[in-house]
Each structure stands twice: as C-alpha cells, then as structure tokens.
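Asker: One structure is given below, represented as structure tokens, and several questions about it will come after.
Values in this text are rule-based calculations from the coordinates and carry no lab data. Quick caveat, the model's predicted, so the values are computed rather than measured. Quick reminder, even Gly has a Cβ in these numbers, built from the backbone with ideal geometry, and neighbours come from all protein chains shown.
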Amino acid sequence: MAKPKTSSKTISKKRSKASKRPTPKPAGSDETSERPASPADFVKWAKSNLGVDLEAEGASSKYDFNVRVALSHVHESPFWSGFAQELLAIKSEYARATSADLFMSTDLPGIRLVSKPFASVVDKMFRRNVLLNKQWPSPTLGKHWITPDNLYEQFDDLIRTTITTKFLDGPEYLLAALKSYAERQGHKTYIRVHSREEGYYAHHCMCDFRFLSLGEMVRWFHVRLSSSSR
C-alpha cells in the first residue's frame, strides 16, 4: 500500500511547533526560579535550588558551634588580652594631641564581643544573594552562592564590638590606631567607613583570625571593631 503523501505545509507546521517548544533550564540560574521576595522565600528557594536547608537544626547548631569556637579563640588571643591596655594608650595619645577626651566619659567604655544570631545571618544571606545581587539570577560571587559553607569568609560582622567616641574625629582616630595594633599582632586588617544622612557616622576595622571549624578545616574569620560618634 502506498504511503500517504505528507505535504510540505504539514512538515513546516510540525517544525514550527517543535521550534517553539521551551528548552529546559537549570533551576536557580534563570527565570525558572522566581526571585525570592523575603527571607522566608529565600529559605524555600535555597532548599529547592541549592540543596541547602537553612531550617534544619544542623545548620544553626553548626553555625552556633563555630561562632563559640571563634569567640573563644579571640578571647584567648594576645590581641584581645592586651586590648584594654591598648585603648588606654590610644586614649592618652588622643588627649595629648587634642586636649579632649576620646570617649564619652573619662573611664574606658565597656567592651564586649557579641556574635550575630543565625536568624540574622539568614537575613543577610537573603540580602547579599538576592536584594543586592546585580548579577541575579547568577550567583553574587560569580560562581558560588553565599551559603553556610562559605559565610565565615564573606561576612565580616559575625563577631563584633562597638566603641562610641565623643567627637566626630574619634572613630577615624581610634580605628586607625586599632588597625596598627592588630597588624602588630600579626592580623590582616582593613577599614571601611559608613555614613548616613540622618547623622550616623562610623568606621569599621576588620581583623582576620584563623580558627578550626569542627576539626575539619582552618577558616578565615573576621572580627569587626566598630566606632561611631554621637
């Protein structure tokens, strides 16, 4: 039996339909993954697109453990054991240079290191990976998303302290002196300046420490020393 002829128009229509068929796209890299609009949306997105469960108990408990290790490491370091004495020296030098008090009172301010809660870390991961990511839907770091595996190197405020100075020139003077002190102790440092129209003015000095993470690897960990004026 002779095969029915297929017209060129029929073939053309079939090819046209085939050309319009959407090509599957990898999750998390394009329009198939809707941009999260909130931290809660980001948590769901991270689980389905990155395989990272930020709600799992293991995620928060590992972070809490690492932060406790890092805090202990900093507290036991020569840098921190000599920190109060260094503040006294800086205070005296400032008084000699300006005939004014560096801090709000004649006494040293109370200095305490605090750590960033895991919930705040997740919120910052959302801001850095999504809200501030100009390369979306590509990762903000080019090839890698910020996840619990690399956030210690990416976030510089997981351990921090803030020192308030009396005058506007205080933050710059204090942090420059603390940067020099940290470098004499062998720590890599860098300074950033933040200012806002409503009057907020602060200098941040980041000091890098190395610490052991769950016995697995040595990481860089930033300690932020901040100073603002009132």
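Asker: If you take the beta carbon distance between Ser180 and Ser138 as r and set R0 to 41 Å, what does 1/(1 + (r/R0)^6) give as a FRET efficiency, to the nearest 0.05?
Answerer: E(calc), rounded to 0.05, equals 0.55.
Asker: Hey, another quick one. May I ask for the net charge around Ser120, where only other residues with Cβ less than 14 Å from the Cβ of Ser120 are counted and Lys, Arg are +1 while Asp, Glu are -1?
Answerer: Residues near Ser120 contribute +2 overall.
Asker: Just order 158-171, 71-84, 114-127 by mean Cβ neighbour count inside 10 Å, highest at the front, would you?
Answerer: Output ranking for 158-171, 71-84, 114-127: 158-171, 114-127, 71-84.
Asker: Explain nothing, just compute: Karplus ³J(HN,Hα) = 6.51 cos²θ - 1.76 cosθ + 1.60, θ = phi - 60°, for every residue of segment 63-72 in order, whole Hz, x for Gly and Pro.
Answerer: Result, rounded to whole Hz: 4, 4, 5, 4, 5, 5, 4, 5, 4, 4.
Asker: Right, something else. Students often check this: by mean Cβ neighbours within 10 Å, which of 36-46, 50-60 ranks highest, and how do the rest follow?
Answerer: So the peptides 36-46, 50-60, ranked by packing, come out 36-46, 50-60.
Asker: Counting only residues 5 or more places away or on other chains, whose amide H sits under 5 Å from the amide H of Ser229 once H atoms are built in the peptide plane?
Answerer: Distant-sequence amide H within range of Ser229: Thr165, Tyr201.
Asker: A further question follows. Report ³J(HN,Hα) in whole Hz for each residue of segment 127-142, in order, from the Karplus equation J = 6.51 cos²θ - 1.76 cosθ + 1.60 where θ = phi - 60°; Gly and Pro get x.
Answerer: 5, 6, 6, 10, 4, 9, 8, 6, 9, 3, x, 7, x, 5, 8, x
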